[in-house]
Amino acid sequence: MKIAIVDDEWNMTRQIEAFLERFQAENPVAVTARVFHDAASFLAEYDENYDLVLLDVEMPGMNGIEAAKRIRERDAKVSIMFITNMAQYAIHGYEVEAVDYVLKPIGYQDFAMKMKKALRYIERDASRQLVLDTTAGKLAVKVSDIVYVEVIRHYLNFHTDAAVYEVRGVMREWESRLGRYHFARCNQSFLVNLAKVRAIHGNKVLVEGMELTISRNKKNEFVQAFTRYVGGMD
């Protein structure tokens, strides 16, 4: 689970990081977290690979409500959870489809309960469908059915459990879109669903009976992504 913590209070971000470490130790989930101390810097670097944004409501400059609206303009799927001193701010959560809110001062048990709720939302995403604009027409495909995506000239071949679908597109765009669903590049030509990986041997990865090459410059990143996935999400 990739998490962004956006809060201007340094003591609060340290406490949340400590809670996340404890939550990871007590639950079958791997957590990577990045801290931002203002909304503007977070939005400037935002990509669509986050699973959850823990967002303080009251911050100098851009507040959390406005930041959440900006996030939703770019990303309809990421889970958002507000951190606030005042429960009445929670009403704004409906505007941006927030998962929940956590009241300060934060207690671990309440935090862990809210995190489990967020995790259910995130795991549910894996069963969501994507609409592929294939050469044969538009097609809805479950994310969990995609085995890997392959670049062939100006097209992408989506290899699924049922068939292969040819789509005109750019790998970089789909890498960004599928990153939150635990897809990773093993080389320049293949984007792999880590849930479908059966083994890694040297510079080869076995994906549902298909052996793909792991390039030298992608190996560390790919193996680390797979290790985090197996350690926390399988």
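The values are calculated or read from the model by the stated rules, or taken from the named source; none is laboratory data. Keep in mind that what you see is a predicted model, and the values were worked out from it rather than measured. Don't worry about glycine lacking a Cβ; one is built from the backbone with ideal geometry, like all the others, and counts go over all protein chains shown.
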Any residue in segment 1-12 that is farther than 18 Å from Gly61 by Cα and without any contact (Cβ under 8 Å) to a residue 60 or more places away in the chain sitting within a Cβ distance under 7 Å of a residue that is charged (D, E, K, R) and in a loop (DSSP other than H, G, I, E, B)? List the pairs, counting only those 6 or more apart or interchain. Ile3/Asp51
So which of Val143, Val170 is outside the structural domain of Ile80 (by TED's automatic domain parsing), of a type in the set (A, V, I, L, M) and either crowded, with 19+ Cβ neighbours inside 10 Å or at pLDDT 95 or above (or both)? Val143
Any hit, segment 108-118, residues being under 26 Å from Lys218 (Cα atoms) and either not in a strand (DSSP E or B) or not assigned by TED's automatic domain parsing to the domain that holds Pro28 (or both): no
Scan of segment 172-190 for residues that are farther than 16 Å from Val143 by Cα and part of a helix (DSSP H, G or I), ordered by number: Arg172
In segment 201-211, which residues are surrounded by fewer than 18 Cβ atoms within 10 Å (Cβ to Cβ) and of a type outside the set (Asp, Glu)? His201, Gly202, Asn203, Lys204, Leu206, Gly209, Met210
Qualifying residue in segment 214-222 (condition: over 27 Å from Leu52 (Cβ atoms), of a type in the set (Ser, Thr, Tyr) and loosely packed, with under 12 Cβ neighbours inside 10 Å): no
